[in-house]
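What follows is a set of notes on a single structure, which appears directly below.
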């Protein structure tokens, strides 16, 4: 209880992912005064975990599994705050109806079976993107990859991408399956399958979907080499909210 007011402080669960997790912890709890914002919580976390400061210009914030476009949002008791760098692109977790589907899995992905799940009779084309782990990056040999996901938010973002793809393109169905955990060289890490009455729309939607997935879906890749390991940050990040740099103290 806050003395003199009788108002309860807000206890917020904090999650860290990717390189931010290694610089801080798996998770933490913050106790905030009533009315404190995500920006204030962000500042406290930088003080509590100084190693996070090297990411401060690129760290992204999510509140209750949605990107915090505005760090002025007031946090409430029981909220979930997540910090992570730009994204890089058990049993499967599935969202949506019988044809559109969005999944994370630790098991090897059967590309053909994913593609067939989006084929209704009225469609004339299915385009499938098979993204797999490559052995060489900039002259450096990769031994294997490990993918980490903020699972509930990743599934929600995949679903959002699917809904947006339907608005943008004349398509019938979308399926996205992404691997998590250890992935060996040559194994599939992500499959996107799009069916449409005509092939052009299917190609365009598939290309758009992989670009947006790498930009917004909170999944991170760590590459392991003979002589070390490194987290791979994505090329893009969600648009920073106005005033965010000020909130972060940049």
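The values are calculated or read from the model by the stated rules, or taken from the named source; none is laboratory data. As the structure is a computational prediction, the values presented were derived from the model and not from experiment. Glycine also receives a Cβ, built like all others from the backbone with ideal geometry; neighbour counts cover every protein chain displayed.
Residues are listed down the side, and each one gets a yes or a no for (1) at pLDDT 90 or above; (2) surrounded by fewer than 18 Cβ atoms within 10 Å (Cβ to Cβ):
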{"position": "39", "(1), (2)": "yes, no"}
{"position": "42", "(1), (2)": "yes, no"}
{"position": "49", "(1), (2)": "yes, yes"}
{"position": "58", "(1), (2)": "no, yes"}
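Just for the range 85-103: of the residues that are at pLDDT 80 or above and assigned to a strand (DSSP E or B), which one is nearest to residue 133 (Cα to Cα)? Result: 103.
Looking across the range 129-154, the residues that are at pLDDT below 90 and assigned to a loop (DSSP other than H, G, I, E, B) come down to 138, 139.
Starting from residues that are closer than 19 Å to residue 207 by Cα and either part of a helix (DSSP H, G or I) or touching a helix residue (DSSP H, G or I) at 6+ places or on another chain (Cβ under 8 Å) (or both), keep the ones in the range 104-122 and report whichever is modelled with the highest pLDDT. So, considering only residues that are closer than 19 Å to residue 207 by Cα and either part of a helix (DSSP H, G or I) or touching a helix residue (DSSP H, G or I) at 6+ places or on another chain (Cβ under 8 Å) (or both), the one modelled with the highest pLDDT is 111. Residue 21 passes every criterion in (1) in contact with a strand residue (DSSP E or B) (Cβ under 7 Å, 6 or more places away or on another chain); (2) surrounded by fewer than 22 Cβ atoms within 10 Å (Cβ to Cβ); (3) not in a loop (DSSP other than H, G, I, E, B) apart from (1).
Evaluate the following for residue 77: is it modelled with pLDDT of 90 or more and either farther than 20 Å from residue 16 by Cα or in a strand (DSSP E or B) (or both)?
It is false that residue 77 is modelled with pLDDT of 90 or more and either farther than 20 Å from residue 16 by Cα or in a strand (DSSP E or B) (or both).
Only one of the numbered conditions (1) more than 22 Å from the chain's Cα centre (by Cα); (2) at pLDDT 95 or above is violated by residue 126, and that is (2). In the range 140-163, what residues are farther than 14 Å from residue 102 by Cα and over 12 Å from the mean Cα position of the chain (by Cα)? Within the range 140-163, 140, 141, 142, 143, 144, 145, 146 meet the criteria.
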